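What follows is one structure encoded as structure tokens, with my remarks underneath.
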Amino acid sequence: MPCVADWLNSPLSIVQGIFAQNGPSPDWEKKVTEYFTEKLKENNATNWVPSLNDVPLHYLKPNSLVKFRCMVQDMFDPEFYMGVYETIDPNTKTRVLHFDQARVSPSTSYTPSRHKRSYEEDEDMELHPSKQKEQHMGNIGDIHGCGEPKRLETEASAGHQLISPNCSPPLDLNFPLPGEKGPACLVKVYERWDSFKVNDTLEVYGILSVDPVLSIVNNEERENSSSPLDPMECMDTVEEQRVHSPPASLVPRIHVILAQKLQHINPLLPACLNEEESKSFVSSFMMELSPLRAELLGFLTHALLGDSLAAEYLILHLISTVYARRDVLPLGKFTVNLSGCPRNSIFTEHIYRIIQQLVPAAYRLQMTIENMNHSRFIPHKDYTANRLVSGVLQLASNTSLVIDEMLLEQGQLDTTGVHNVTALGNLITWQKVDYDFSYHQMEFPCNINVLITSEGRSLLPSDCQVQLQPQIIPPNMEEYINSLLTAVLPSMLNKFRIFLSLLRLLDYSISDEVTKAVEEDFVEMRKNDPESITADDLHRTLLVARFLSLSAGQTTLSRERWLRAKQLEALRKTRLQQQKCVNGNEL
């Protein structure tokens, strides 16, 4: 029986053994998947597999089993490869079957036994990890030439860019977010490739390949290579070759054995909440939900300078998620505009720091004229390189996007700026981003939690405006926030993180009895104040009631939670009216 070291350190030998037992039978690949699936179920074996997200590439053994948590940034064209081929010894004329593209020695001829189309089973994906955990890609068997190919690339020390001696432009790793330093990878998928889509978050288990022969980046080197695939490769442009064949030392390849979509990207939660072991975890956590919510409310109240109402709405915002779509309308989105933020302070930066500590993925977008006019928000297709060039709004599901309007000053938006502001509005209103394919646009649905911080009412649309009413103004904001973060125990911070991730995954429903009571209540409210109570008010109050119920661990709406939601909405509206009376701002 193979030991742990065999299937972890030498997975190809296991694959070779299964192939030898089953020959060219079409089921042998399925048996490989089943073997590794069973192995990973044994005694938390997934924890033994090294992760590309955590372990530097140079510490990982080539051709060993690795795991990788990532977001699909792009999907390359299908590839062809030989599933099974036969070698003939020139001396003995002995014929031997091999799987995939094994090493071919100079003295061995080979004849294809079966050609498999990767259009059906092999897809390249360029991936980026879910922010702060938020990227990667691979090659199971490489065809080696007669000699070691030359390495024309050198890795730049800064910026994760690759510069070749022939002065070709630096290689862009195509991260969506500026300053991202996470690993990038090419992932080769051999089955169920059509079940994955751009922007999906995945966890993959596969064989790591970092062979230098993969790093062929220009036509000259391809012509000098002895690879039998050269005739096909010559159809690619030079730019496409550079992008699709980056240095393996910079962009490793992973040949996937197992891959699964992630329900969430919080490493503190079980990957799948439907398993029995996970259900017991959820049950025990729900028992301490009430005191935990009170602790989180207190923590956020301090962060929001003593404003408990704003803290309530921030909790509701952080557990919101798009749970369904009715025609084009996304249900469950809850974009909050936190207005009245202190000007000439670093308050909004520190609010982002707090949110960063609570959610798995977050990004702060500073809404300045400079950023609007010069940043790339919308992904677009580069037909020369045959790839999707990422943009800031290509984000993993449930990313917290904090839009900071406090630095916005007077100025002129150019065409790019107008398109970027429009894209932000579409993201907030419809939870979609229209990717630019030059000749047409393609809608990509998303699920992004957007918080807008501003002094007055935001220029962007929102589902709910909350006027901040600070009870304290610390003389030193940075010192205040640092002391707040230091005071909370790491164990409590982890509970906050589980709280916010878990509650958005719970099912929720409203009974017929409560639905009827809510309808009657709304009719009564309309009678008393027909001009100020609208259908939008009912929709927003139902959303608030939904998230209030979930934050208390209740998966159905009760009369008590409905009344509490109405109370919160009344307090919020009163604040807005008071602010309007003070400065005459249009609300």
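The values are calculated or read from the model by the stated rules, or taken from the named source; none is laboratory data. Because the structure is predicted, anything quoted here is derived from the model rather than measured. All Cβ positions, glycine included, derive from the backbone under ideal geometry; neighbour counts span all protein chains shown. Note: areas computed on protein heavy atoms with side chains; ligands, DNA, RNA excluded. Shrake-Rupley method; radii C 1.70, N 1.55, O 1.52, S 1.80 Å.
Summary of computed values
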read-out: Test for Thr515: is it surrounded by fewer than 17 Cβ atoms within 10 Å (Cβ to Cβ), within 26 Å of Asn398 (Cβ to Cβ), in contact with a Leu (Cβ under 9 Å, 6 or more places away or on another chain) and at pLDDT below 95; value: no
read-out: Positions within region 60-86 being within 13 Å of Pro252 (Cα to Cα) and hydroxyl-bearing (Ser, Thr, Tyr), in sequence order; value: Ser64
read-out: Yes/no for Leu542 being farther than 15 Å from Leu309 by Cα, among the hydrophobic types (A, V, I, L, M, F, W, C) and part of a helix (DSSP H, G or I); value: yes
read-out: Restricting region 475-501 to residues that are more than 21 Å from Glu295 (Cβ to Cβ) and not polar (S, T, N, Q), the residue that is least open to solvent (accessible area, probe 1.4 Å); value: Met477
read-out: Candidate set: region 470-500, residues that are of a type in the set (Phe, Trp, Tyr) and at pLDDT 95 or above; chosen: the one farthest from Gln263 (Cα to Cα); value: Phe496
read-out: Filtered residues of region 313-337 (kept if of a type outside the set (Gly, Ala, Ser), farther than 20 Å from Ile498 by Cβ and open to solvent by 10 Å² or more (accessible area, probe 1.4 Å)); value: Val322, Arg325, Arg326, Asp327, Val328, Leu329, Leu331, Lys333
read-out: Residue match in region 377-384 (condition: open to solvent by 50 Å² or more (accessible area, probe 1.4 Å) and assigned to a helix (DSSP H, G or I)); value: no
read-out: Those residues of region 267-289 which are within 19 Å of Arg561 (Cβ to Cβ) and open to solvent by 20 Å² or more (accessible area, probe 1.4 Å), in sequence order; value: Met286
read-out: Region 431-457, residues that are surrounded by fewer than 21 Cβ atoms within 10 Å (Cβ to Cβ) and under 30 Å from Thr574 (Cβ atoms); value: Glu455, Gly456, Arg457
read-out: Subset of region 38-63 (residues that are in a helix (DSSP H, G or I) and open to solvent by 40 Å² or more (accessible area, probe 1.4 Å)); value: Glu38, Lys41, Thr46, Asn47, Trp48, Leu57, His58, Tyr59
read-out: Test set (1) part of a loop (DSSP other than H, G, I, E, B); (2) of a type in the set (S, T, N, Q); (3) open to solvent by 40 Å² or more (accessible area, probe 1.4 Å) - Asn398 fails condition number; value: (3)
read-out: Scan of region 545-556 for residues that are assigned to a helix (DSSP H, G or I) and within 13 Å of Leu289 (Cα to Cα), ordered by number; value: Leu548, Ser549, Leu550, Ser551
read-out: Residue among Leu292, Leu297 that is surrounded by fewer than 21 Cβ atoms within 10 Å (Cβ to Cβ), touching a Lys or Arg at 6+ places or on another chain (Cβ under 8 Å) and of a type in the set (A, V, I, L, M); value: Leu292
read-out: Scan of region 340-387 for residues that are more than 18 Å from the chain's Cα centre (by Cα), closer than 30 Å to Met75 by Cβ and aromatic (Phe, Trp, Tyr), ordered by number; value: Tyr383
read-out: Odd one out for Gln554, checked against (1) under 21 Å from Leu296 (Cβ atoms); (2) within 31 Å of the chain's Cα centre (by Cα); (3) surrounded by 19 or more Cβ atoms within 10 Å (Cβ to Cβ); value: (3)
read-out: Region 443-455, residues that are in a loop (DSSP other than H, G, I, E, B) and over 17 Å from Asp307 (Cα atoms); value: Cys446, Asn447, Ile448
read-out: Residues located in region 349-380, provided they are in contact with a Phe, Trp or Tyr (Cβ under 6 Å, 6 or more places away or on another chain) and of a type in the set (A, V, I, L, M, F, W, C); value: Leu358
read-out: Near pairs, Cβ below 7 angstrom, 6+ apart or cross-chain, from region 347-362 (open to solvent by 10 Å² or more (accessible area, probe 1.4 Å)) to any residue that is in a helix (DSSP H, G or I) and modelled with pLDDT under 95; value: Arg353/Ile481; Gln357/Leu485
read-out: Residues of region 406-442 that turn out to be at positive phi and assigned to a helix (DSSP H, G or I), as a count; value: 0
read-out: Of residues in region 4-37 being assigned to a loop (DSSP other than H, G, I, E, B) and farther than 17 Å from Asn63 by Cβ, the one least open to solvent (accessible area, probe 1.4 Å); value: Gly23
read-out: Selection status of Arg504, open to solvent by 40 Å² or more (accessible area, probe 1.4 Å), under 24 Å from Leu550 (Cα atoms) and within 27 Å of the chain's Cα centre (by Cα); value: no
